[in-house]
Amino acid sequence: MFNKVSKKVLALSLIQLTLLSGVCSSAFSGPFSALLGRAFSSKVNLVIQETLGMWRPGPNMIRGESSQRLTLSEAYLARETWLGPGFREVGERGVFQSEDGTRQWRMDPDSLEGNHSPFEPHFHLEWRSPKGRKFKVNNHILLDQEKDGKEY
């Protein structure tokens, strides 16, 4: 059962998701409202909100590092949520794309080993416009190894 504080937090989270999904669906006319509706982990929601909020007009890629650390199971939930139904693996190196090709989730060996910035095990949420060929947003999300109890 919920106490008063958790009811308020849940209500605020639902309001934020409702507002954000309305903004996303009207601004991008894409499946983003459905994306956010499927995420039930508040940390996963925050990571997706961060990634959506990184988009800026212009030719350059926006690279960022999430304020959240996710466990491996949360990373897989982020993949399901970010990519939506019908996603597919691209190649054999831990790269998955949404059905329309605009969103990508990447947990390649170099990212898992921390061989590039931010030099810790992480995965990526990436995004490009429907007409774009290159990804415009690349959000790096660190993996929380302490909570997983696993080394990557």
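Here, each number is a calculation from the coordinates, and none is a lab measurement. Here the structure is a predicted model, which means the values were calculated and not measured. Cβ: placed from backbone, ideal geometry, glycine included. Neighbour counts: every protein chain shown.
Observations
- Paramagnetic reach from Ser73 in the stretch 117-146 [backbone N under 18 Å; point 7 Å along Cα→Cβ]: 143-146
- Compactness of the stretch 40-148 was expressed as the Cα radius of gyration divided by 2.2 N^0.38 Å, which yields 0.99.
- Cleavage-rule hits, trypsin sites (Lys or Arg not before Pro), the stretch 93-149, DSSP coil, Cβ neighbours within 10 Å at most 13: Arg93, Lys131, Arg133, Lys134
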